[in-house]
Amino acid sequence: MISSIPKWMTGLFGNKLSPNVKVVETTLLSLQVKKIRFQGDLTEWDFSIGYASVIRVSETEFRNYTVAYHDKENGVFDIIFHIHGNGVGSKFIDSLQVSDELFISPPRGKKLYEINEKQQFFFGDETSLGVACALLPLLKKNKHQFQFYFELDEANKSVPELLELENYTVFPKNNSFRNEKWIITLPLFQTHEWKTANLALVGNVKSVQTFRKVLKEKKLGNIYSQGYWLEGKKGL
Ligand SMILES: Cc1cc2nc3c(=O)[nH]c(=O)nc-3n(C[C@H](O)[C@H](O)[C@H](O)COP(=O)(O)OP(=O)(O)OC[C@H]3O[C@@H](n4cnc5c(N)ncnc54)[C@H](O)[C@@H]3O)c2cc1C
């Protein structure tokens, strides 16, 4: 879905883009990471892992976010937001409070999880914590061998623990994942265990692209990748 539409078009879509969910709880996991619980009618929603919802963050702007947890019966779902402070989406989310109403689309997009491979590797950043939380129960239920790598700002390095993620390593966000020579030294490349793994790479576009290039050169596993944000670019 496009990230912004002209004003006259929002008029045309009318009710379709008007508020359909309500904020029921907000939790600050760090100064930059906020978890919000929403309530709405989810009966028709498909929560496949990797799918994203668009949130209407202004009259004409929409941004992609991932459902981290859902409970269809009670009509609630959680999204974990990176409050980076640079964009209209981040500022809108930061301002949300209990009882606020807003438009969130049903999830759609690219499926990230492939059940058939025993080994599952996941790379991401603050924007990817939600999909990691959605994925974890499946990895455990289906008895995968799994490993998460996160590149996080110093202020957010405790968030994976607060989210009760498992088998994760946190790396500082210092451009290491843009350095092919450094990436090759990661434990992932030091054993044969991950040769046929599913490897999901999400988050910053430049980190994802560099990591993907090294994995391809080293002929590791089946790679799924999707950039979630790029410096200087609005609304991927
Ligand atoms: C499929 C998909 C799923 C996503 N799921 C999530 C999710 O669950 N949680 C989440 O927080 N984000 C998620 N994102 C990323 C989110 O959509 C982007 O970060 C988006 O750009 C935020 O919009 P904004 O209005 O705040 O900033 P924009 O207006 O889009 O951008 C303004 C400026 O902010 C910068 N910027 C954007 N994002 C970041 C960031 N994370 N850190 C630092 N600078 C940034 C841009 O480079 C640009 O310079 C997802 C993206 C995709 C494509």
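The values are calculated or read from the model by the stated rules, or taken from the named source; none is laboratory data. It should be emphasised that the depicted structure is a prediction, and the values quoted were computed from it without experimental measurement. Cβ sites come from the backbone with ideal geometry, for glycine too, and all protein chains shown count toward neighbours. We work out accessible area using only protein heavy atoms, side chains counted, and drop any ligands, DNA or RNA first. Shrake-Rupley method; radii C 1.70, N 1.55, O 1.52, S 1.80 Å.
Miscellaneous remarks
- Qualifying residue in the range 125-141 (condition: over 14 Å from the mean Cα position of the chain (by Cα), open to solvent by less than 70 Å² (accessible area, probe 1.4 Å) and within 15 Å of the ligand (Cβ to nearest atom)): no
This table checks each residue for (1) charged (D, E, K, R); (2) part of a loop (DSSP other than H, G, I, E, B).
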residue	(1), (2)
S48	no, yes
E59	yes, yes
D78	yes, no
F81	no, no
S90	no, no
D94	yes, no
Q97	no, yes
K111	yes, yes
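- Filtered residues of the range 31-67 (kept if aliphatic (A, V, I, L, M), open to solvent by less than 10 Å² (accessible area, probe 1.4 Å) and either more than 14 Å from the ligand (Cβ to nearest atom) or in contact (Cβ under 8 Å) with a residue 60 or more places away in the chain (or both)): V33, I36, L42
- Any pair with Cβ under 9 angstrom, 6 or more apart, that starts in the range 224-236 at a residue that is of a type in the set (K, R) and ends at one that is more than 6 Å from the ligand (Cβ to nearest atom): K233/V205; K234/S3; K234/S4; K234/E61
- The range 147-165: number of residues that are within 23 Å of Y65 (Cβ to Cβ) and away from the ligand (no atom under 16 Å from the Cβ): 4
- Filtering the range 201-224 to residues that are of a type in the set (A, V, I, L, M), open to solvent by less than 20 Å² (accessible area, probe 1.4 Å) and within 22 Å of N174 (Cβ to Cβ) leaves L201, V202, V208, V214, L215.
- Which listed residue, of D78, D71, is touching a strand residue (DSSP E or B) at 6+ places or on another chain (Cβ under 8 Å), within 12 Å of the ligand (Cβ to nearest atom) and more than 26 Å from I223 (Cβ to Cβ): D78
- Residue selected from the range 144-193 under the condition at pLDDT 95 or above and among the acidic types (D, E), by the criterion least open to solvent (accessible area, probe 1.4 Å): E151
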